[in-house]
Amino acid sequence: MYLGRTTLSKFLIQQLTDIPDAGDLGALLVDVAAAVKAIAAMTAKGALGHHLGAEVGKQTQGEHPHRLDVLAHEVMIRSCEWGGLLAGMVSAGLEEPYPLPAEYVRGRYLLAFNPLDGSSTDINVSVGTIFSVLRHESATLPGAEHYLQCGRQQVAAGYAIYGPATMMVISVGKGTHGFTLDREIGNFILTHPDLQIPADAGEFAINTSNARFWEPPVHRYVTECQAGKSGVRGRDFNMRWIASPIADVHRMLMRGGVFMHPKDMRDRNKPARLRLLYEANPVGFLVEQAGGRASTGAHRLLEVQPESLHQRIPLIVGSRHEVERIERYHAEWESGTDKPYTSPLFNERSLFRAEASERSLFRPDAPARV
């Protein structure tokens with residue numbers, strides 16, 4: 001029944017033949033896959049595993065993790081620390097990089113990960129694990145500065161999604177590929193080779209409850225999509241939102257569309273929600289390898305130079321033509337050349353008319369409108 005089917009290990013052997021240190025990178029990704037299997041088993045038990053609810057007393061980056069977040073973090077650490085493949089790790093669950101125990105051999109890679117992405121474990125909504133692999137060229141022990149590499153420098157990235165089936169989507173820079181966990185044999189099987197995101201799409205995902213905090217270019221795009229056939233786009237769009245980023249991204253990868261977690265001003269100290277190193281960058285890498293585009297709205301995401309381990313950044317990813325349109329709207333807004341846009345949201349007396357004082361909330365250095 002399984003004769004000839006491509007397992008994750010076989011796939012990595014085929015994909016990594018011409019990559020330096022191919023054996024080490026493949027072995028590291030197999031270790032990550034082993035952690036994913038263990039996390040999948042825990043999430044599948046739900047309330048039966050007694051892992052739900054917040055972890056009392058624990059707090060990271062101002063947030064209270066769930067018990068399952070903490071367990072998933074420990075599983076990733078224990079699966080990947082011992083094999084002599086890593087020089088260090090950084091996680092959403094730690095303020096500082098994880099120091100490998102002194103007795104373990106150190107390798108040439110750095111692993112950045114979010115062990116359990118999504119805040120919906122208690123209500124049985126799909127969640128996931130996201131990871132990014134970077135090279136560590138220095139002979140010294142890695143400090144925080146060694147992780148601050150642009151997204152284009154990733155050598156591998158991926159995510160797992162724990163839904164009706166557990167899937168793992170990965171890229172080693174040769175396309176984006178999806179594997180499904182066959183629980184009967186315990187292997188990830190290649191089921192979605194060479195994923196391709198259509199350049200055009202009729203679907204977008206965004207949390208419209210935050211609309212009052214969005215930048216005007218995002219308002220413009222969403223309003224045009226909502227207008228459907230009667231608006232300037234001349235066609236209808238579907239709007240989706242699961243409130244689990246990895247689930248929204250996975251849907252977009254499978255059938256096209258745009259996922260937006262844009263810059264907003266709910267909290268001036270935190271104008272974006274997704275972390276660059278271990279959430280936005282790996283997603284952007286996968287999307288671009290699948291023919292899509294990844295952006296902050298103003299710039300290509302994978303060119304952003306990280307400034308801190310847990311830096312947060314806007315994320316707009318998906319079908320190339322749609323993301324490019326949003327980038328154009330940002331450029332027109334910044335230059336003040338989008339005045340011909342006539343949505344009632346932006347009329348002279350409207351709530352979203354971006355006068356100089358309002359523009360300063362988002363772009364302090366941008367020219368004011370006349």
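The values are calculated or read from the model by the stated rules, or taken from the named source; none is laboratory data. Because the structure is predicted, anything quoted here is derived from the model rather than measured. All Cβ positions, glycine included, derive from the backbone under ideal geometry; neighbour counts span all protein chains shown. Areas reflect the complete protein model, heavy atoms only, side chains present, ligands, DNA and RNA absent. Shrake-Rupley method; radii C 1.70, N 1.55, O 1.52, S 1.80 Å.
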Checklist entry - Is it the case that the range 23-45 has a residue that's at pLDDT below 95, touching an Asp or Glu at 6+ places or on another chain (Cβ under 8 Å) and closer than 30 Å to Gly175 by Cα? => result no
Checklist outcome for this item: The lone condition Gly163 fails out of (1) within 24 Å of Ala27 (Cβ to Cβ); (2) in contact (Cβ under 8 Å) with a residue 40 or more places away in the chain; (3) surrounded by 15 or more Cβ atoms within 10 Å (Cβ to Cβ) is (1)
Checklist entry - Of the conditions (1) touching a Cys at 6+ places or on another chain (Cβ under 9 Å); (2) at pLDDT below 95; (3) not hydrophobic (A, V, I, L, M, F, W, C), Asn269 fails just one. Which one is it? => result (1)
Checklist entry - Out of all the residues in the range 195-212, which are more than 30 Å from Lys174 (Cα to Cα) and open to solvent by less than 50 Å² (accessible area, probe 1.4 Å)? => result Asn207, Asn210, Ala211
Item to check | Boolean, Leu116 is closer than 20 Å to Leu68 by Cα, open to solvent by less than 80 Å² (accessible area, probe 1.4 Å) and aliphatic (A, V, I, L, M) | outcome: yes
Next on the checklist: Please go through the range 133-162 and give me each residue that is of a type outside the set (D, E, K, R), outside any loop (DSSP other than H, G, I, E, B) and in contact with an Asp or Glu (Cβ under 8 Å, 6 or more places away or on another chain), ordered by number.
Outcome noted: Ala144, Gly151, Tyr159
Item to check | strands (runs of 3 or more DSSP E) lying entirely in the range 220-301 (those with 2 or more residues that are open to solvent by 10 Å² or more (accessible area, probe 1.4 Å)) | outcome: 238-240
Next on the checklist: Can you tell me how many residues within the range 173-189 are surrounded by 24 or more Cβ atoms within 10 Å (Cβ to Cβ) and not in a strand (DSSP E or B)?
Outcome noted: 1
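A quick yes/no check of all residues on (1) touching a strand residue (DSSP E or B) at 6+ places or on another chain (Cβ under 8 Å); (2) over 25 Å from Val258 (Cα atoms):
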| site | (1), (2) |
| --- | --- |
| Tyr147 | yes, yes |
| Gln154 | yes, no |
| Gly158 | yes, no |
| Ile161 | yes, no |
| Lys174 | no, no |
| His177 | yes, no |
| His192 | yes, no |
